[in-house]
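The structure appears right after this line, and notes come after that.
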Amino acid sequence: MTLSSSPFLPTRALHRSSMPSCMAPCLLALILLLLASLASSAPSGYRAVLTHVDSKGGFTKAELLRRAAHRSRLRTATTTLSGYSTTSSSLETSPRLFSGQAEYLMELAIGTPPVPFIALADTGSDLTWTQCQPCKLCFPQDTPIYDTAASSSFSPVACSSATCLPILSRNCSSMPACRYRYAYGDGAYSTGILGTETITFGSASTSSSAHHGVAFGCGEDNGGASYNSTGTVGLGRGTLSLVAQLGVGKFSYCLTDFFNSSLRSPFLFGTLSDIIASDADAQVQSTPLLQSPQNPSRYFVSLEGISLGDARLPIPNDTFALRADGSGGMIVDSGTIFTALEESAFRVVVSHVASVLGQPVVNATSLDSPCFPAPGGQQQLPAMPDMVLHFAGGADMRLHRDNYMYFSEEDSSFCLTIGGTTPASTSVLGNFQQQNIQMLFDITVGQMSFMPTDCSKL
């Protein structure tokens with residue numbers, strides 16, 4: 001066979017006069033093809049799974065609620081405070097963060113070769129950190145403690161590096177390494193050095209699920225409740241958060257039934273996080289994310305009102321307004337289980353729920369989640385109207401009865417999974433209310449979107 005008869009090369013392509021005119025566009029096309037191939041091989045999204053911190057404890061329904069309510073009170077007590085800082089001028093003055101309490105663990109791996117990294121998922125902080133060898137003081141963990149000396153991908157961060165600035169702002173002449181100390185509002189803390197590492201999502205053997213050069217805290221001295229974790233993954237809005245470092249700009253999660261510990265919840269980054277309506281009746285709703293200079297890592301939204309059934313409750317529109325001094329507003333939080341409403345709004349909600357039930361509230365003066373006595377012999381929740389949270393932009397989050405109430409078998413009562421906060425303090429949308437709702441946070445656009453979803457099928 002001659003070259004001119006090749007099925008792959010037309011005869012005219014061999015004429016010398018036509019070759020110069022083809023080389024430039026053909027070379028450009030080849031380059032574009034290679035770039036497209038490289039771009040398509042780079043992950044544009046990552047998938048992780050969440051498990052509840054009490055999923056392996058074998059707790060009863062009553063015990064799960066009691067433990068969760070205790071953590072919720074501790075986290076709300078610090079979450080609703082304003083004016084916390086996330087930087088420090090020295091290691092002696094620790095940055096004061098919100099509570100280290102959290103409700104869900106994210107399963108990751110760290111290093112090369114990868115070792116398990118079971119992290120508390122925290123949308124209220126930025127720094128990702130894990131316990132490290134050599135450990136001066138570490139809490140017990142079920143998996144081997146990560147050792148920088150055993151990882152070929154670890155690299156320390158210099159104190160003079162721009163990466164170090166969100167953690168520590170000081171003269172670096174006396175300490176070449178970037179050191180940090182994070183202290184949380186509930187007494188938990190972590191101290192160590194900042195480095196960069198490879199973080200792996202899903203199976204540690206799948207290289208395509210790994211992201212290299214993630215800045216993290218190597219904790220050599222750590223304390224506080226660990227909740228079966230080895231550290232924390234920061235998912236806030238700051239530059240050190242895992243979301244920012246992945247460069248994906250958005251994430252979503254979908255929390256499965258709180259009482260079914262066998263179900264795991266998906267946590268999705270990047271293009272995988274998009275909400276896709278599988279039901280013709282389902283509708284994606286969106287509301288703007290607000291920014292608080294005092295608490296820049298938090299995801300604030302504008303709650304404009306609450307309805308119970310068809311009745312709009314008499315709550316002034318500015319009750320949940322985010323004020324210039326950082327007080328007020330509402331944050332959406334993955335680490336707080338029960339929603340907490342500003343006291344005046346909380347009292348209105350409790351009063352109207354009591355009216356629907358036809359029962360008085362038991363703990364009328366408390367800001368804890370209230371309970372109402374069940375009529376004799378009744379062992380389950382009665383039919384209740386939906387509660388609707390009205391957000392800015394016309395986005396309505398509809399909560400079915402089981403997303404805001406439960407039946408307490410211990411004292412035969414109907415209980416709200418909503419508590420109160422002191423006047424003018426920050427309100428919190430807790431994760432019990434977010435069950436089976438896919439929550440999407442698009443930081444690039446500045447928008448939170450949501451849609452009712454069977455999270456076990458996502």
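Where a number appears in this text, it was derived from the coordinates with a stated rule and is not lab data. Predicted model, so just to flag it, every value in this text is computed and none were measured. Using ideal geometry, Cβ is built from the backbone for each residue, glycine included, and neighbour counts are taken over all protein chains shown.
Things worth noting here:
- 3J(HN,Hα) along the range 380-387, derived from phi through the Karplus expression 6.51 cos²θ - 1.76 cosθ + 1.60 where θ = phi - 60°, amounts to 8, 5, x, 4, 9, x, 5, 9 Hz, with x in place of Gly and Pro.
- Within straight-line reach of K56, meaning a Cα separation under 16 Å, sit the following aspartates and glutamates at least 8 residues removed in sequence or on another chain: E103, E107, D142, D257.
- The trypsin sites (Lys or Arg not before Pro) of the range 290-365 that DSSP puts in a loop, and whose beta carbon has at most 16 other beta carbons within 10 Å, are R323.
- The H on the amide N of G419, modeled in the peptide plane, is under 5 Å from the matching H of T339, A340, L341, each at least 5 residues off or on a different chain.
- Lys, Arg +1 and Asp, Glu -1 on Cβ, resulting dipole of the range 285-357 about Cα centre, debye, nearest 20: 40 debye
- Using θ = phi - 60° and Karplus 6.51 cos²θ - 1.76 cosθ + 1.60, couplings along the range 414-419 (whole Hz; Gly, Pro as x): 9, 10, 7, 9, 9, x
- For the pair A177 and D274, a Förster radius of 45 Å applied to the C-beta separation gives a FRET efficiency near 0.70, rounded to the nearest 0.05.
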